[in-house]
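J.: Take a look at the following structure, please.
The values are calculated or read from the model by the stated rules, or taken from the named source; none is laboratory data. Everything numeric here is computed off the predicted structure, so don't read it as measured data. Cβ placement follows ideal geometry from the backbone for every residue including glycine, while neighbour counts extend to all protein chains displayed. Heads up: the accessible areas ignore ligands, DNA and RNA and are worked out on the full protein's heavy atoms, side chains in. Shrake-Rupley method; radii C 1.70, N 1.55, O 1.52, S 1.80 Å.
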Amino acid sequence: MKNVSAHFRMPIACLVLSVLLLPAAPLLVSATTPTPSPLLLSTPMPTPLGGALIAQDFALASLNVRNLELLSPQGSAQFSFEVPDNWRLAGNNVLYLNLQFIESGAASENTAAQPITRFEVRLNSQLVYESSFTTTQDAPQTVAVPLPLSAINVERARQTVAFAMDARDHCFSNRQARIVIRSDLSYLHFEYERLKPTLNLAFFPRPFYNNLLANQPETAFLVLPDAFAPSDLEHALSLAAGVGRLTGNQVRLKVTTPSALDAANRRENNLILLGKPADHALLAQLYADNLLPTRYDPVTGTFSVGNTAIAPEEGIVQLIAHPENPYLAVMTFTGGTDQAIQKAVRAFAGRVDAFGLSGALAIVRDVRPLSQQRVGESLRDVQTFADLGIETTTTFGVGSQFADFRFVVPNGVQISESAYVEIVFDYSDTLKEAQTSLNILLNETPINSVNIGAGSEYASRPSPHRVRAPIPPSAVRTGEANILSVLIESRGNWGCNLPNPATIWLNIRPESVLSLPRAVVDTALRPPLVSDFPVPFSEYSDLHDVLFVLPDQPSLSEIEQALRLMARLGALTENGERFAPRLALGDKLPSGVDLAQYHIILYGRPSTNSLLRSISDKLPQPFTAGTDALEQTLDDVVLRLPPNFEVGVLQAQPSLWNPRRVLLTITGTSSAGESFAMLAMQAVTFFRGDLNGNVVYVTQSSVYAANTYRSRYAVDITADIPTLVAETTLAASATPTPNRVFTVTPGPTETPTPTVTPSLTPTPSPIFSPTPFVPTPTPLPTFEPLLPEQLQIETPERPSWIPLLVALTAGALLATGAFGLWSLVRAIRARRQE
């Protein structure tokens, strides 16, 4: 039987080979006439409604994320970011982490089995990345962590990224491991589409402000009438202060007129139109095209909505989609009289009362009267975290865990020595049994630390627990955010097997107390300094005692710079709303205005501002009569600076009309010098501490603050401030040289100074990323799929060797089959003979 089986093996093998090779011939033939099939170019992604996607990168440091460190045996950390209001994430979103794995301790004796550290990243609790590190992976590296759309929480803007490491292998090997993440070199890459604006006035300042990442400024064009009047500029000041307050000064208003607005800027920017249709060509065109909720009769000059007439004294606010760009919006402030427009603007100049407000139209019949209560008088000395809008905050895990809270102390108030913060908390038994401490820091300055772990009085008492820390007035920053940090440090005798992180928690409760007893500073007690700004201009929450005096014939650029300063003032005014600052031109003071009743901001040069020219000899740093040249007086010697010396000058002094009021002069020896001074006041080029004097000289990149109250002698610019003169590239120097020169020591300045190069209309880069850097959105093209009938298939020519190959293959198959059949017949005959 074995011989018979051997006989059958060969023919069976030949037949099987024939069957396997048989399909080859049809395949070779069909290669010359391909059949169309769907073409997959890339991973499918949803086609955005607006067409192309936009890509942007943001360094984690620009999102206020610190460097993160995860320690063995088990470490964790996290950070959060918010998706802007007008984004819908799409495409590929990636977190690029620059991290370094570091280990220390005794070297492993078993080189064949190296300890492994496991690392994972979760987005909103969903695992999105995991990897491992060994002793050989100790160099810095950048890893790409995908952020799938399925993990994005679309129900809320805030998204949480959590990191965790498991280095128990290193612990068992008597070694330490840590992972360090550099926030300045790690960045988020987003791809998104812009959403169409929400046209609801109750949500103002949306859609002009969308809470962009990294505090990117947004831009809107404020369109004034071509022949704007001082009243139009005064309304613009109110609106700028309100927008600054509502957005944290993150919306830049660019000023233009209908005739100066080109088609590209009109089409590609949000627009705010202010004025009457009879004086405003763009507003009149919208009414002529019936694009607004109200109607306007150019013959009678009256407004109506539906069949209802709108009274001339009622203000009208309207919000519509941009006629030329559905992803932008147009907002209008109008009415039959200047008083009506003032009502419309004041209703939205600051915190908007959304009660009963909805939709794209608001008719403003009246606004609240001017405030008579100073900022600080209505502020509560004691507030709970709940009063500040802070809910229960929980920290998890061992090591160092931070919880940060922000609060603002208004400008012009002084904190007393009795200020304190009291943290109310409860925590897990796991932390009570460990070595745990609770540390409180204010602006990164420690103010208290207590042991709350094993053996402490807190561990033996029931919850809730309280820790009080005194707040030193010197640690408080006025007029800006103060960061109160609670740091939980924990270590336990757990060896290499830590408890579940969910069992290592501490809750900071909303009953925690912030006590800030304070009193309003009387600015009349000491001479004013430039660095005092916004004090005392922010004394009242509606700024009604502020008078801004512009040049006699202000340019659009000067108006724009004034609005930006007013936006900063609004942002720094505590509880600011219904802003009503006054405005005048240098040669046209409003009738009935008593300068003694106002804090005055005087802007311009003697040659452009009549009021400034009339008092130029009474300034701490006077001007030469009839010119924009600074006059240097030392003892009885009068110096003349070179005529091309370009420098900005900021001056603060008691008002010439009321010594209990303040006069702030923003001026310069030229148009460029004037711009240097204004940019410094806007905190664009220098810090507040750099302006700590009553006379501040500013150039493009240098600043010198002097306090002339300390001496009856002025500052010799050429001798005392040589760097300013050097920047003008002048060979000449002031003469004659006085025998006696008194130099003034400037006040303390903050370091480092900003490195932004000022310009007339500064546009700092809004996106922070390492490499690649994306300063502007980059469109990513998307393509609609082609229809089957649109596919054009090219038929390649048949190579000449194909027929020969087919014939040889067919012959081989036939020969193999014949040989197999002949062998099979022989085997059958041999079996019968046996």
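J.: Skipping prolines and chain starts, which residues have an amide H placed within reach, meaning under 5 Å, of the one on residue 436, given they are 5 or more residues away or on another chain?
T.: 452, 453, 454, 491
J.: Same structure again: Please work out the C-alpha center-to-center distance from the range 537-589 to the range 177-231 and express it in whole Å.
T.: 24 Å
J.: Can you tell me which lysines have their Cα less than 22 Å from the Cα of residue 618? Leave out same-chain residues fewer than eight positions away.
T.: Partners found: 588.
J.: May I pose another question? Once you place label points 7 Å from the Cα toward the Cβ at residue 596 and residue 198, how far apart are they in nm?
T.: About 5.0 nm separates the two model spin labels.
J.: So which lysines can residue 254 reach, going by Cα to Cα under 23 Å and dropping same-chain residues fewer than 8 places off?
T.: Hits, sequence-local ones excluded: 196, 276, 343.
J.: May I pose another question? By per-residue mean of other Cβ atoms within 10 Å, what is the highest-first order of 279-288, 124-133? Display every interim value, and only then the final one.
T.: Numbers: 279-288: 18.5, 124-133: 14.9.
So the order, starting with the most tightly packed, is 279-288, 124-133.
J.: What ³J(HN,Hα) values, in whole Hz, does the Karplus curve 6.51 cos²θ - 1.76 cosθ + 1.60 give for the range 484-496 when θ = phi - 60°, with x put for Gly and Pro?
T.: With coefficients 6.51, -1.76 and 1.60, one gets 9, 10, 10, 10, 9, 10, 9, 9, x, 8, 9, x, 8 Hz.
J.: Can you work out the accessible area per residue across the range 243-304, with the rest of the protein chains kept in place, probe 1.4 Å, in square angstrom? Show your work: numbers first, answer last.
T.: On the way: 2720 Å² over 62 residues.
About 44 Å² of surface per residue is accessible.
J.: From the backbone phi of the range 182-187, what are the Karplus-calculated ³J(HN,Hα) couplings (6.51 cos²θ - 1.76 cosθ + 1.60, θ = phi - 60°) in whole Hz, Gly and Pro given as x?
T.: Along the range 182-187, the couplings run 7, 6, 7, 10, 9, 8 Hz.
J.: Over the range 374-453, with the other protein chains present, what is the accessible area per residue in square angstrom, probe 1.4 angstrom? Walk me through the intermediate numbers first.
T.: On the way: 3610 Å² over 80 residues.
Normalised by residue count, the accessible surface of the range 374-453 is 45 Å².
J.: How many percent of the accessible area of the range 484-554 is carbon or sulfur, using a 1.4 Å probe? Could you put the intermediate results ahead of the total?
T.: Numbers: 1330 of 2480 Å².
Answer for the range 484-554: carbon and sulfur cover 54 percent of the accessible area.
J.: Where the accessible area of the range 203-309 is counted over protein heavy atoms with a 1.4 Å probe, how much of it, in %, is carbon and sulfur?
T.: Working: 2020 of 4230 Å².
It is 48 percent, rounded to a whole number.
J.: Taking amide H positions as placed in the peptide plane 1.01 Å from N, state which residues far from residue 661 in sequence (5 or more) or on other chains have amide H under 5 Å from it.
T.: So residue 661 has HN proximity to 655.
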